[in-house]
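**Student:** The structure follows.
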Amino acid sequence: AMQPPADPDKKGSNEPVDPPEKEEDTAFGTTGPAAKSSAAPPPPPPSKPPPDSKSTAAKKKRAVWDNFIKNLSSVEYTSRGEKFNFKYHDLIHVLISIKATLMADPSLVRCNIPCVIIGDIHGQFVDLFRIFSLLAQGNKPGWLVHRFVFLGDYIDRGPCSLEVIVFVFLLKIRFPKQIFLLRGNHECKPINRVYGFLMEMESRFGKEKGNDMFHMFNEAFTHLPFACLVGTSVLCMHGGISDKLTSLEAIEQIPKPLVDPNTNQLACDLLWADPMLGLKGYKENNVRGVSVHFGEDVLHSTMDRLNLRLIVRGHQMMMNGFNFFGNPLSKKKLVTVFTAPSYYPDKPNRGAALLLRGNGTIGFKILVPACGGEKNYHEDHQVANDNDAGFVRNIVDGKVEKPW
């Protein structure tokens, strides 16, 4: 019987496994059959990362920040006032991240309502957490429930400036669209060099590393915004208004980073200016030696020009934690909010936070004085200045002038 022809596609024992190999010519003559390369095959082209790799990395970063926030929120620091054992390299990581976050913010940031507005804290970490506790809902701490606008002056004078500034930086990094940090006059190197922050850095990290950390924090401060528009008609800043405040765009045009706010009059006034009872127009601020005092007349004309109904600022200690300026019957108002209670040992003031509700109404959360921590005052600032207990009055011929 005849065998069927061999299937050319089917290899059998009688068929060659591979076709005969050809001889190759080289510079050294004929080599015979070409030798198969023993080199490893070239690596495959790099595969594209899976589409969710970015979200996975973002989740890991959020977990790192959440863990830092959780550790710093422990009761020994937030209730008993103990110092957190910060690692130098951890703070470097925080500073790199907060700088990148703040660089994305313009000089005038915008926040929706409702929100909570926090005044001066000045290193009083325990009192900051008392406010967060008052604003908590169930097991959720205040920062997971509300938007926040901070008016500046996080550091100096209080015992835990580092805890305060690191914590608010962590909140800003973790929730950049819900936490808004403004610059205060104490977030300037010539001020915090004198009023406690430098001293705290050097005492906690040693002179060399403490000085380096001091400069790095101050570099981050140069990226802080100067004002926040809440909704469409509430303007927040640390200090006050200015004759240079001709429009909201004027704030937006303040350059960032700004190392020395005194080189820009509008920036300087937003950090330093104070209202004065009985004054018309502006006058030099002889109390502080920088910026201006402003009267109720220019306050109202500025608010009309910018279409504002409320200005919220900090910068001055108020015995009740807050105080409205000017004619109580006026529809346009300025309120000073000061959040650090027991700011001076000799004047047990209350602290306050302002609640701006969704319907546009406002309320306050009040902190009564608790046991005060050690203050890092400088020389004659050991006791309260009389002008720090309320608004300064303009004296003309021995009488207080009132515009109403």
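The values are calculated or read from the model by the stated rules, or taken from the named source; none is laboratory data. Quick caveat: nothing in here was measured; it's all calculated off a predicted structure. Glycine gets a Cβ as well: all are built from the backbone with ideal geometry, and neighbour counts include every protein chain shown. Heavy atoms of the whole protein, side chains included, go into the accessibility calculation; ligands, DNA and RNA do not. Shrake-Rupley method; radii C 1.70, N 1.55, O 1.52, S 1.80 Å.
**Student:** Can you pull the accessible area of Lys87 for me, 1.4 Å probe, Å² to the nearest 10?
**Tutor:** Approximately 90 Å² of Lys87 is accessible to the 1.4 Å probe.
**Student:** Additional query: Give the carbon-plus-sulfur fraction of the accessible surface of region 225-366 in %, rounded to a whole number; probe 1.4 Å, heavy atoms of protein chains only.
**Tutor:** Reported share for carbon and sulfur atoms: 51 percent.
**Student:** Counting only the heavy atoms of the protein chains, how much of Ser301 is accessible to a 1.4 Å probe, in Å² to the nearest 10?
**Tutor:** Number for this one is 50 Å².
**Student:** Accessible surface of Trp272 in the full protein assembly, 1.4 angstrom probe, to the nearest 10 Å²?
**Tutor:** 30 Å²
**Student:** Working with all protein chains in place, sort Arg309, Arg80 by solvent-accessible area computed with a 1.4 Å probe, largest first. Walk me through the intermediate numbers first.
**Tutor:** On the way: Arg309 90, Arg80 150 Å².
Accessible-area ranking of Arg309, Arg80, largest first: Arg80, Arg309.
**Student:** Which entries in Lys209/Lys365; Lys209/Lys256; Lys140/Lys365; Lys140/Lys347; Lys207/Lys347; Lys189/Lys365 show an alpha-carbon gap greater than 29 Å?
**Tutor:** Going by Cα-Cα distance, Lys209/Lys365; Lys140/Lys347; Lys207/Lys347; Lys189/Lys365 fall outside the 29 Å limit.
**Student:** Order 291-300, 129-138, 107-116 from most to least packed using the mean count of other Cβ atoms within 10 Å. Mind dumping the intermediate values first?
**Tutor:** On the way: 291-300: 21.3, 129-138: 16.4, 107-116: 18.6.
Ranked from most to least packed, the peptides come out as 291-300, 107-116, 129-138.
**Student:** Across region 243-248, in residue order, what do the Karplus-derived ³J(HN,Hα) couplings come to in whole Hz, using 6.51 cos²θ - 1.76 cosθ + 1.60 with θ = phi - 60° and x for Gly and Pro?
**Tutor:** 5, 8, 7, 8, 6, 5
**Student:** Continuing with this model, one more query. Amide H neighbours of Leu334 under 5 Å, counting only residues 5+ apart in sequence or on other chains, H built in-plane at 1.01 Å?
**Tutor:** Those qualifying (amide H under 5 Å, at least 5 residues apart or on another chain) are Ile311, Phe325.
**Student:** Please report how far the C-alpha centroid of region 79-154 lies from that of region 260-292, rounded to the nearest whole angstrom.
**Tutor:** 27 Å
**Student:** Here's another thing I want to ask about it. In what sequence, largest accessible area first, do Thr56, Thr339 appear using a 1.4 Å probe?
**Tutor:** These residues rank, largest area first, as Thr56, Thr339.
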